[in-house]
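Contents: one structure, followed by commentary.
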Amino acid sequence: MSIYSPLRLEPSLHTRVWGGRTLANRLGKTLPTAEPYGESWEIYWKNTLKTGGWAGKTLGEVIAADPLGMVGRADAGPEYPLLVKFLDSHDWLSVQVHPDDDWAQKLEGEPRGKTECWYVIAAEPGAQIAYGISEPLDAEGFRLAVQQGRAKSVMQYVNVAPGDFIFVPAGTMHALGTGLLIYELQQTSDTTYRVYDWDRMGLDGKPRPLHLEKALAVTRYEVNPPAKVPYKALPGQARARLIEGQYFGLEKITLRQDSAALDTEGRRAHLLSCIQGEMRIEGAAFTPEPLRLGDSIFMPAGIGQYSLHGSGETLLAWAR
């Protein structure tokens, strides 16, 4: 019988100039100050566990103590390679780009870059994202556009709605627009090269720094790249595969007062985030655990078979 159980982590909350209060109003997060909050880092290796015998330890400390049972790999280090976030895009994020693994190692000495993906939980009518460029440009052409104040005019803008899924490979210039609540799954990296910040001040009243030269080096200059990734559940199934790529996989599980059988197979952890309704996690070796709107839970690899019950939508992520 498994000795493992679902683990809740204390989210890491981050103020952002583009944030708001949706993390509290929609997802029930407790925001400690009246400042605008843009990010809730839900599952992150430095977050502290709230439940179980490891309560008070960081996720990374627990993985280091039992890598095979936690993530299914005896050689795993404490830094879990994925980060799950909720984002409140109350205002436009900066136009930015992230390096891939090679560029991150070359420019920053970091072990990995940042490929990410977004699932749109909620969107105001007419909400948009910026995604890639809209005309043939190379690095010199984009530099000239920035110098001439045309950076925002050479971006591709895409309308988005709840339920849309967007894959953002490293090197894709992008920005989330106004009025979006987003689930983000990404490589564990915070390396961001900011290109344009809409001529606004940061929370400290000063312009936020730009990183144009590094951005120009790492950008993929594909014209009008496709942003949305189509997906659908198989007939009669509650699960829809959104992506299974080089770094991560992601599924959406939709229940209507029914259940879904799941299995870590002892090979990988499951990262669960409820984005609608309320569910319940059941397994033979642990007490049923509620999974409510805005909750994220780390399911250790050693759990094996378990099931979800209830009504709503949950995103299930895993590391590749």
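The values are calculated or read from the model by the stated rules, or taken from the named source; none is laboratory data. Because the structure is predicted, anything quoted here is derived from the model rather than measured. Neighbour counts run over all protein chains shown; Cβ positions are idealised from the backbone, glycine included.
Pairs, please: C-beta under 7 Å, at least 6 apart or cross-chain, first residue without any contact (Cβ under 8 Å) to a residue 24 or more places away in the chain and in the stretch 126-149, second part of a helix (DSSP H, G or I)?
Partner pairs satisfying both residue conditions: ALA145/ALA151; ALA145/VAL154.
Among (1) part of a strand (DSSP E or B); (2) crowded, with 18+ Cβ neighbours inside 10 Å, where does TYR157 come up short?
(2)
Within the stretch 52-75, which residues are charged (D, E, K, R) and in contact with a strand residue (DSSP E or B) (Cβ under 8 Å, 6 or more places away or on another chain)?
The first filter runs over the stretch 52-75 and keeps only residues charged (D, E, K, R), leaving 57, 61, 66, 73, 75.
Once the filter is applied, which keeps residues that are charged (D, E, K, R) and in contact with a strand residue (DSSP E or B) (Cβ under 8 Å, 6 or more places away or on another chain), the stretch 52-75 yields only LYS57.
Which numbered condition trips up ALA65, out of (1) in contact with a Phe, Trp or Tyr (Cβ under 6 Å, 6 or more places away or on another chain); (2) free of Cβ contacts under 8 Å to residues at least 24 places away in the same chain?
(1)
May I ask you to list the residues in the stretch 60-86 that are out of contact with any Leu (no Cβ under 7 Å at 6 or more places or on another chain) and crowded, with 22+ Cβ neighbours inside 10 Å? It would help to see each step written out before you state the result.
Within the stretch 60-86, the first condition is being out of contact with any Leu (no Cβ under 7 Å at 6 or more places or on another chain), and the residues that meet it are 60-61, 63-73, 75-79, 81, 83, 85.
Once the filter is applied, which keeps residues that are out of contact with any Leu (no Cβ under 7 Å at 6 or more places or on another chain) and crowded, with 22+ Cβ neighbours inside 10 Å, the stretch 60-86 yields ILE63, MET70, VAL71, LEU83, LYS85.
Could you please tell me which pairs satisfy a Cβ distance under 9 Å, a separation of 6+ or placement on different chains, a first residue in the stretch 151-173 that is among the basic types (Lys, Arg), and a second residue that is in a helix (DSSP H, G or I)?
So the pair list comes out empty.
What are the pairs, 6+ residues apart or on separate chains, where a residue within the stretch 193-207 that is at negative phi and in contact (Cβ under 8 Å) with a residue 12 or more places away in the chain has its Cβ under 9 Å from a residue that is among the basic types (Lys, Arg) and surrounded by 12 or more Cβ atoms within 10 Å (Cβ to Cβ)?
Once the first residue is at negative phi and in contact (Cβ under 8 Å) with a residue 12 or more places away in the chain and sits in the stretch 193-207, its partners that are among the basic types (Lys, Arg) and surrounded by 12 or more Cβ atoms within 10 Å (Cβ to Cβ) give TYR193/LYS214; ARG194/ARG208; TYR196/LYS152; ASP197/ARG208; ARG200/ARG208; MET201/ARG208; GLY202/ARG208; LEU203/ARG16.
For the stretch 263-286, check the following and say yes or no: at least one residue is part of a loop (DSSP other than H, G, I, E, B) and at pLDDT below 95. Please lay out each step first, then the result.
As a first pass, look at the stretch 263-286 and keep what is part of a loop (DSSP other than H, G, I, E, B): 264-269, 284-285.
If we keep only those that are at pLDDT below 95 as well, we get 284-285.
Checked against the condition, which is being part of a loop (DSSP other than H, G, I, E, B) and at pLDDT below 95, the stretch 263-286 yields at least one hit.
May I ask you to say which residue of LEU23, LEU27 is in a loop (DSSP other than H, G, I, E, B) and closer than 30 Å to TRP92 by Cβ? Walk me through how you get there before you give the answer.
Values: LEU23 fails: in a loop (DSSP other than H, G, I, E, B).
LEU27 is the lone residue from the list that is in a loop (DSSP other than H, G, I, E, B) and closer than 30 Å to TRP92 by Cβ.
Before we move on, is TRP18 part of a strand (DSSP E or B), of a type in the set (A, V, I, L, M, F, W, C) and surrounded by 20 or more Cβ atoms within 10 Å (Cβ to Cβ)? Give the steps one after another, and end with the answer.
Values: part of a strand (DSSP E or B): yes; of a type in the set (A, V, I, L, M, F, W, C): yes; surrounded by 20 or more Cβ atoms within 10 Å (Cβ to Cβ): yes.
Yes; evaluated as a whole, the condition is true for this residue.
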